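Report on the structure given below.
The values are calculated or read from the model by the stated rules, or taken from the named source; none is laboratory data. The shown structure was predicted, so the numbers you read here are calculated from the model rather than taken from an experiment. When we count neighbours, we look across all protein chains shown, and the Cβ atoms used for this are built from the backbone with ideal geometry, even at glycine. Surface areas here come from the heavy atoms of the whole protein model, side chains and all, with no ligands, DNA or RNA. Shrake-Rupley method; radii C 1.70, N 1.55, O 1.52, S 1.80 Å.
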Amino acid sequence: MSATSLTEWAYPLAASLLAEPLPRRWKHSQGVAERARTIAPILGRDADLLEASAILHDIGYASDLAKTGFHPLDGARYLRDVADADERLVRLVANHSCAWMEAEARGLSGELAEEFPEEGNSLLTDALCYCDMNTTPDGMPTNPVDRVNEIAGRYGADSLIGTFIRRAEPEILASTARVLERVAEVKRQPM
């Protein structure tokens, strides 16, 4: 499967799993993919892989896929076992937005690490986190501080998700800074 066809393949799959049963999650995923397109120049050949992973990153919330209740793992297992997806895409979905920290809190870190080692391209991992954490639940642009606050507020500060997202906040902010630094570098390069 070529990189271009990867994105073309990903959109209808994500829509089939999210658009009707989870319309707000679908709007969020579309917004995350839109953010991915805005930073495509920093990723070169991996830009389509980022966009495909962005549109698919939350499919694990779909009720038919939710087996463990940990959406990165559930989505990645579906992509691997059912959709026969590209291995790098599967690993990005499994590990998006500091998923390893939430996996620790859920007692699933061993499964996540064993089944889906992190994608080797740290810029790609940072880029997916940047796109996710700079997008509201309704798909609109935001900033990572407001996004973290929104997540903690929605789930409750003392909930598993609230605790995880506060613990992940420094890494989310660092990922965003690295991506924005790379965007600035690319913009400074002569045409």
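Values for this structure:
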{"read-out": "Pick from segment 18-50, criterion under 20 Å from Ala184 (Cα atoms) and acidic (Asp, Glu), ranking: most open to solvent (accessible area, probe 1.4 Å)", "value": "Glu34"}
{"read-out": "Index of the failed condition, Ser97 passing every other in (1) open to solvent by 60 Å² or more (accessible area, probe 1.4 Å); (2) under 14 Å from the mean Cα position of the chain (by Cα)", "value": "(1)"}
{"read-out": "Given (1) open to solvent by less than 20 Å² (accessible area, probe 1.4 Å); (2) over 20 Å from Gly120 (Cβ atoms), number of the condition Ala54 does not satisfy", "value": "(2)"}
{"read-out": "Segments classed as helices (runs of 4 or more DSSP H), wholly inside segment 103-191, with at least 2 members that are open to solvent by less than 70 Å² (accessible area, probe 1.4 Å) and touching a residue at least 40 places away in the same chain (Cβ under 8 Å)", "value": "109-115, 122-133, 160-188"}
{"read-out": "Filter result for Ala85 (closer than 27 Å to Leu160 by Cβ, of a type in the set (A, V, I, L, M) and either over 12 Å from the mean Cα position of the chain (by Cα) or open to solvent by 20 Å² or more (accessible area, probe 1.4 Å) (or both))", "value": "no"}
{"read-out": "Hits in segment 57-82 (condition: farther than 13 Å from Asn95 by Cβ, of a type in the set (A, V, I, L, M) and either crowded, with 23+ Cβ neighbours inside 10 Å or at pLDDT below 95 (or both))", "value": "Ile59"}
